[in-house]
1. Counting just the residues of the stretch 182-226 that are assigned to a loop (DSSP other than H, G, I, E, B), within 17 Å of the chain's Cα centre (by Cα) and β-branched (Val, Ile, Thr), which one comes out nearest to Gly295 (Cα to Cα)?
2. Return the pairs, sorted by first residue and then second, in which the second residue is in a loop (DSSP other than H, G, I, E, B) and more than 10 Å from ligand 2 (Cβ to nearest atom), the first residue lies in the stretch 116-127 and is among the charged types (D, E, K, R), the beta carbons are less than 6 Å apart, and the residues are 6+ apart or on different chains.
3. Considering only the stretch 172-221, state which residues are buried (at least 21 other Cβ atoms within 10 Å of the Cβ) and more than 30 Å from Arg160 (Cα to Cα).
4. Within the set of pairs 6 or more residues apart or between chains, which connect a residue that is at positive phi inside the stretch 45-73 to a residue that is in a helix (DSSP H, G or I) with Cβ atoms less than 7 Å apart?
5. Take the residues of the stretch 68-108 that are over 20 Å from the mean Cα position of the chain (by Cα) and hydrophobic (A, V, I, L, M, F, W, C): which is surrounded by the most Cβ atoms within 10 Å (Cβ to Cβ)?
6. Can you pull out every residue in the stretch 275-316 that is surrounded by fewer than 19 Cβ atoms within 10 Å (Cβ to Cβ) and without any contact (Cβ under 8 Å) to a residue 40 or more places away in the chain?
7. Considering only the stretch 115-150, how many residues are at positive phi and more than 21 Å from the chain's Cα centre (by Cα)?
8. Hey, could you check the stretch 61-87 for residues that are more than 13 Å from ligand 2 (Cβ to nearest atom) and touching a Ser or Thr at 6+ places or on another chain (Cβ under 9 Å) and say which is modelled with the lowest pLDDT?
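The values are calculated or read from the model by the stated rules, or taken from the named source; none is laboratory data. As the structure is a prediction and not an experimental result, all values here were calculated from the model. Reconstructed Cβ throughout: ideal geometry from the backbone, glycine too, with neighbour counts over all protein chains shown. Surface areas here come from the heavy atoms of the whole protein model, side chains and all, with no ligands, DNA or RNA. Shrake-Rupley method; radii C 1.70, N 1.55, O 1.52, S 1.80 Å.
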Amino acid sequence: TENTIAQPVGTTLERYIMRKQAEFRFATGELSQLLRDIALAGKIVNREVNRAGLTTIIGSMGQQNVQGEAQQKLDVEANIRFIRALTNGGEACAVLSEEEDDIIHTGNAQGKYVVAIDPLDGSSNIDVNISIGTIFSIYRRVSKVGEAATREDFLQGGRRQVAAGYILYGSSTMLVYTTGHGVAGFTYENSLGEFFLSHPNITIPTSGTVFSCNEGYWFDYPQYVRDYLTQCKREGQSGRYVGSLVADYHRNLLTGGIYLYPPTGKNPNGKLRVLYEAFPLAFLIEQAGGRAESGTGSILDIVATEFHQRTPLFVGSPALVERLLGETEVVP
Ligand code: AHG
Ligand code: MN
Ligand code: MN
Ligand code: MN
């Protein structure tokens, strides 16, 4: 998955996409355009996120989403912005969002792609000014171009994703994505309104000394998870948990580490959603040399049958995931 043509740090997202497209003779530019549309929506949401404290965008809507979660105003705002950008961009015939019960048909029946999206990840952190993100997953439609998208378009399985990534609205705003040829990271320059290539080829350290989980659920965790975490603590490893999956994942991607969301009493099948959290982040981590497991197999091998189904998630440095799953000797 080495980049065939390494591009210089500092090149713009636009130039990067154009050069990448030029490498693939058969590329007709639709996926490039789709990535541009996602980046545009990310810029718009970034502006809302940065103003959240000043405008009436914080707080909850006083209604629940299909997940049974209290929808935050910014959840809804981000959802609208991404669906609008994908509708206006013309390349996506349908969108599946965490914030929508069912598929949203964009009206672009000629669009060749569908997008599953978590418009705003880490909603509990919006009002307290902690990093949040957006996660997206792109498939080439299997339904007939010109007709309405179908459930099958979104239930093709994790290994059929053609692209996936996230935007992290953190101390700086970053776009990180893959099209199956490695992972690239772009940092947003607010004053210019541009994403610039800052991490040309992200690979995760094979091991690490960080574990990320909400230990409030300790007494719900399976014994093997508790054994692993106890071993981590014996070794003096660091617990780091922001409570925004994108932020915890991104830190571990760069420094090495493992993020764990095991089954809990409240969420016996795990809390995180397969189609727009686990699948895209699993595609990315494998492209970066890492691993993503559900506890009963590889995330990307999950057979998704429902749009909002959940899974346990153990994702990060391969040596740490292997140790958790007991595939290597745990040093006593
Ligand atoms: P979302 O805000 O998109 O619903 O996702 C929240 C997820 C993830 O971002 C985070 O790591 C996890 O929920 C936090 O869950 P707990 O509060 O149960 O730890
Ligand atoms: Mn989320
Ligand atoms: Mn969300
Ligand atoms: Mn949510």
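1. Only one residue tops the list, namely Ile204.
2. Asp127/Ile58
3. Within the stretch 172-221, just Val210 meets the criteria.
4. Gly59/Lys73
5. The qualifying residue surrounded by the most Cβ atoms within 10 Å (Cβ to Cβ) is Cys93.
6. Selection gives Thr296, Gly297, Ser298, Glu306.
7. Within the stretch 115-150, the first condition is being at positive phi, and the residues that meet it are 122, 129, 146.
Of the ones still in play, those that are also more than 21 Å from the chain's Cα centre (by Cα) are 146.
Residues meeting the conditions: 1.
8. Ala70
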